[in-house]
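One structure is given below, encoded as structure tokens.
The numbers here are math on the coordinates, done by the rules we state, and not lab data. What you are looking at is a predicted structure, and each value in this text was computed from that prediction instead of being measured. Neighbour counts run over all protein chains shown; Cβ positions are idealised from the backbone, glycine included.
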Amino acid sequence: MKTFLKRAWTEIHLDRLKDNFTELKKLTDETHTQVACVVKANAYGHDDENIVPFLEGLGAKFFLVSNIKEAEKVRRCGSGSEILILGHTPAEYAAELAENDIIQAAVSEEYARELSEEAVKCGVKVKIHLAIDTGMGRIGVCVYDDDSCRRAAEQAERVSRLEGVILDGVFTHYASADSYAEDDEKYTEMQTELFFKTCGYIKEKGVNLRHTHCLNSAGGAFHYDSRSTLVRYGIMLYGLKPDVSLDMPCELKPVMDLKAAVSYVKQLKAGSYVSYGRIFRADHDITAATIPIGYADGYARNLSGKAHVIINGRKAPIIGRVCMDQLMADVTGIPDVKEGTTVTLIGTDGNETITADDLAGMYGTIGYEVICGISKRIPRVIYKGDEISDVVEYY
């Protein structure tokens, strides 16, 4: 069996990923829409070098990343699938994009021209997807009424004639598809209408697009539209909700657990203080366990005095401030806690569960940030079933 430093680690369960992928495919009419897997940010912290080949083995053929370095890494994984960069790539990388057969998001006609000019210099052609801003306010050609949709189509037509690029598709991104609020649902409907109106005008210009896509995770789950040729599943693929308030149309299983091992157990008298700033003072004798994980590992300092961990099937409150590399928990009354005892910070032990969304809610963020924030000091222990298939240590 592969060994690893049992200080703190994540467990990445590929069987859960398989189940999630299968469930998401059931939400999709694959005669019209292809399931695309978002693997940016090291597959949301899950280790892209393991996640990408596994998903390909399940039939995934389209991946999305944030930048060219991520795209090249996915390609080096042996991936023969399509790869789309959603973020910025300077035009000077045109040759690298073409050589690796990577599709680049184009944020504007001006950027497409810059990329085309550089590609022509290098004797290559770069595939692009032109971004249409229907209301996210982030990137893309802005559309907000019929006239602006027509102007966007004119820009797309001009881009399609550029010598150094191939206009392979257009896309937009929803701003509030993860909300049940009536005004948010109307906003999503408005974005959809503007996008496909623009696509229609592009088609009238004689431009044939292979891909027109608008669906993110929440879009695929709650606003599915068969006119979208791709559904870009990200957070749901890894078993988390786009928003914790949502009732999901399918069962999702969190792929990542976060664990550590107790490093020290001590008895503290009433009146003893714990950690920096002395914000915790024991009002009675307690047993405290030191756990070697902290905010440098991605376990947020804002969880100080708020979160629990699970030890031997029972929840134990964090006491005092979370330190850079360690935290302390009150394990009074929990039997058999000793050096080496496994601690669950995200996951299930016995009848107790702590989710990334639980932690996120304690300090005003989202589950995405929690799992993406687990640092590379933490090994990724990859499980297939009950067996360890790989251990990824970045240090």
If the label point is 7 Å along Cα→Cβ of Tyr273, which residues in segment 315-339 have backbone nitrogen under 20 Å from it? 318-330
What distance in nm separates the simple spin-label points at Lys266 and Tyr363, each placed 7 Å from Cα in the Cβ direction? 2.3 nm
So which lysines can Lys259 reach, going by Cα to Cα under 24 Å and dropping same-chain residues fewer than 8 places off? Lys2, Lys6, Lys18, Lys40, Lys241, Lys306, Lys315, Lys338, Lys376, Lys384
Furthest towards positive pole of dipole, Val331, Tyr93, Ile366, structure part the chain, Cβ charges: Val331
Calculated FRET efficiency, Lys376 and Glu154, Cβ-Cβ r, R0 35 Å, to nearest 0.05? 0.15
Classify segment 340-395 as rounded, prolate or oblate, taking a ≥ b ≥ c as the square roots of the eigenvalues of its Cα gyration tensor: rounded when a/c is under 1.5, otherwise prolate if a/b is larger than b/c and oblate if not. oblate
Loop trypsin sites (Lys or Arg not before Pro), segment 187-225, which have at most 16 other Cβ atoms in a 10 Å radius of their Cβ (DSSP): Lys205, Arg210
Rounded to the nearest 500, what is the chain's calculated 222 nm mean residue ellipticity when only DSSP H runs of at least 4 contribute -39500 (n - 2.57) each, over all residues? -8500 deg cm²/dmol
PRE reach from Lys384 (point 7 Å along Cα→Cβ): which of segment 56-96 fall under 15 Å by backbone N? 56-59
Output for segment 329-389: trypsin sites (Lys or Arg not before Pro) sitting in coil per DSSP, at most 11 other Cβ within 10 Å, listed by number, reads Lys338
Distance (nanometres) between label positions extended 7 Å along Cα→Cβ at His32 and Arg210: 2.1 nm
Under 5 Å between amide H atoms, partner at least 5 residues away or on a different chain: which partners does Ile132 have, H built in plane at 1.01 Å? Val141, Phe171, Thr172
If you build the convex hull over the alpha carbons only and average its shadow over all orientations, what do you get for the chain? Give it in nm² to one decimal. 21.2 nm²
Starting from the Cα of Lys186, step 7 Å along the direction of its Cβ; do the same at Asp247; then give the gap between the two resulting points in nm. 2.3 nm
Using θ = phi - 60° and the Karplus curve 6.51 cos²θ - 1.76 cosθ + 1.60, what whole-Hz ³J(HN,Hα) does each residue of segment 353-367 get, with Gly and Pro shown as x? 9, 10, 9, 4, 5, 4, 5, 4, x, 6, 9, x, 10, 10, x
Suppose every Lys and Arg Cβ carries +1 and every Asp and Glu Cβ carries -1, with no other charges. What dipole size does the chain come out with about its Cα centre, to the nearest 20 debye? 1120 debye
For segment 61-119, state which trypsin sites (Lys or Arg not before Pro) are in a DSSP loop and have at most 16 other beta carbons lying within 10 Å of their beta carbon. Lys61
